[in-house]
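Asks: Quick one: this structure, given as structure tokens, is what I'll be asking you about.
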Amino acid sequence: MPESSQPAPTTSDNAREPVYSERLWVPWWWWPAGLFVAGLLAAEVHMGSPGIRQWLPYVLLFPFPVWLLLWVSRQRVEVYGGPNPELRVGRAHLPLSVVSRTAAIPPSAKSAALGRQLDPAAFVQNKSWVKDTVLIVLEDPEDPTPYWLVSTRRPAELLAAIGRGTSASG
């Protein structure tokens, strides 16, 4: 007879708290620029017209840059600990058990890393407004991806979180 008739508790991925979490927001000055462009376009449509054409362009056009900038800023970089540590970049998941080494790429070397030195099989999540990038080299015989290049504003913290996850699993 089993000791308990209740199923063992399971922790879902959504219930776990990240060890490291970062959202890659667009620069602050993109917000006024986007709202200015929307206002300029709305004024062009308005052009002194009476009635509904007087206010409707503003109502329709001002939410668009807000939505666009939030959509562009949606990417998160997260490291989860626990029994199965992993790195999540957007929708991509990487178990930390396959990470062999990591390195921070300075802004001066980012162009070369994303250009002539880039392996076509690499996984790249680059945000042009984020200066720093990290290199995560993989050691997985079943995966043809040799490494990941990920944009981050806090490379030292991200590499420390990945290091904690790889040392706990290895």
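The values are calculated or read from the model by the stated rules, or taken from the named source; none is laboratory data. If you're wondering where the values come from, they're calculated on a predicted model, not measured in any experiment. Because the Cβ atoms are built from the backbone with ideal geometry, glycine has one as well, and the counts that use them run over all protein chains shown. Heavy atoms of the whole protein, side chains included, go into the accessibility calculation; ligands, DNA and RNA do not. Shrake-Rupley method; radii C 1.70, N 1.55, O 1.52, S 1.80 Å.
Asks: How far is it, in nm, from the label point at residue 84 to the one at residue 46 when both lie 7 Å from their Cα along the line to the Cβ?
Replies: 5.4
Asks: A follow-up question, please. Just the accessible area for residue 25, please: 1.4 Å probe, Å², rounded to the nearest 10?
Replies: Approximately 100 Å² of residue 25 is accessible to the 1.4 Å probe.
Asks: In deg cm²/dmol and to the nearest 500, what is the mean residue ellipticity at 222 nm of the chain if only DSSP H runs of at least 4 residues count, each as -39500 (n - 2.57), divided by the residue total? Working shown, then result.
Replies: On the way: 5 runs with 60 residues, N = 170.
Result for the chain: -11000 deg cm²/dmol, rounded to the nearest 500.
Asks: Let me ask something else. Determine the share of the chain's accessible area contributed by carbon and sulfur atoms, expressed in whole percent, with a 1.4 angstrom probe. Mind dumping the intermediate values first?
Replies: Working: 6580 of 10970 Å².
Percent of accessible area from carbon and sulfur atoms in the chain: 60.
Asks: Around residue 111, with a cut-off of 15 angstrom between Cβ atoms, what is the net charge of the other residues, counting Lys and Arg +1 and Asp and Glu -1?
Replies: Charge balance near residue 111 sits at +3.
Asks: Using a 1.4 Å probe, what is the accessible area per residue for segment 97-170, in Å²?
Replies: Per residue, segment 97-170 has an accessible area of 56 Å².
Asks: Give me the number: length gained by fully extending residue 23 to residue 76, i.e. 0.36 nm times residue separation minus the C-alpha to C-alpha distance, one decimal in nm.
Replies: Here the segment from residue 23 to residue 76 would lengthen by 18.6 nm.
Asks: Per residue, how big is the convex hull around the C-alpha atoms of segment 19-170? Give it to me in cubic angstrom, could you?
Replies: Working: hull volume 21.2 nm³, N = 152.
Output value, Cα hull per residue: 139 Å³.
Asks: In addition: Which loop trypsin sites (Lys or Arg not before Pro) in segment 90-170, with loop taken from DSSP, have no more than 12 other Cβ atoms within 10 angstrom of their Cβ?
Replies: Qualifying residues, ordered by number: 91, 116.
Asks: Here's something else I'd like to know. Taking the alpha-carbon centroid of each part, what is the distance from segment 79-93 to segment 18-53 in angstrom?
Replies: Between the Cα centres of segment 79-93 and segment 18-53 lies a distance of 33 Å.
Asks: Between 0 and 90 degrees, rounded to the nearest ten: what's the tilt of helix 63-72 against the longest Cα principal axis of the chain?
Replies: Between the helix axis and the principal axis of the chain, the angle is about 20 degrees.
Asks: What is the gain in length, in nm to one decimal, between residue 142 and residue 62 on full extension, counting 0.36 nm per residue of separation less the C-alpha to C-alpha distance?
Replies: Values: separation 80, 0.36 × 80 = 28.80 nm, distance 4.78 nm.
Between residue 142 and residue 62, full extension yields an extra 24.0 nm.
Asks: Ordered by residue, what ³J(HN,Hα) values in Hz, to whole numbers, does segment 108-115 give under the Karplus form 6.51 cos²θ - 1.76 cosθ + 1.60, where θ = phi - 60° and Gly and Pro are x?
Replies: 5, 9, 5, 4, 5, 5, 8, x
Asks: Okay, next question. Using the heavy atoms of the protein chains and a 1.4 angstrom probe, tell me the accessible area per residue for segment 26-86 in square angstrom.
Replies: With all protein chains present, segment 26-86 gives 66 Å² per residue.
Asks: Further question: For the chain, with the dipole built from +1 on Lys and Arg beta-carbon atoms and -1 on Asp and Glu ones, taken about the Cα centre, which of 34, 121, 106 lies farthest toward the positive end?
Replies: The residue sitting most towards the positive pole is 34.
Asks: Note the full-extension length gain between residue 154 and residue 31 as 0.36 nm times their separation in residues minus their Cα-Cα distance, in nm to one decimal.
Replies: Details: separation 123, 0.36 × 123 = 44.28 nm, distance 2.23 nm.
Contour length minus the Cα-Cα distance gives 42.0 nm.
Asks: Magnitude of the Cβ-charge dipole of the chain, K/R +1 and D/E -1, about the Cα centre, nearest 20 debye?
Replies: Computed about the Cα centre, the dipole is about 680 debye.
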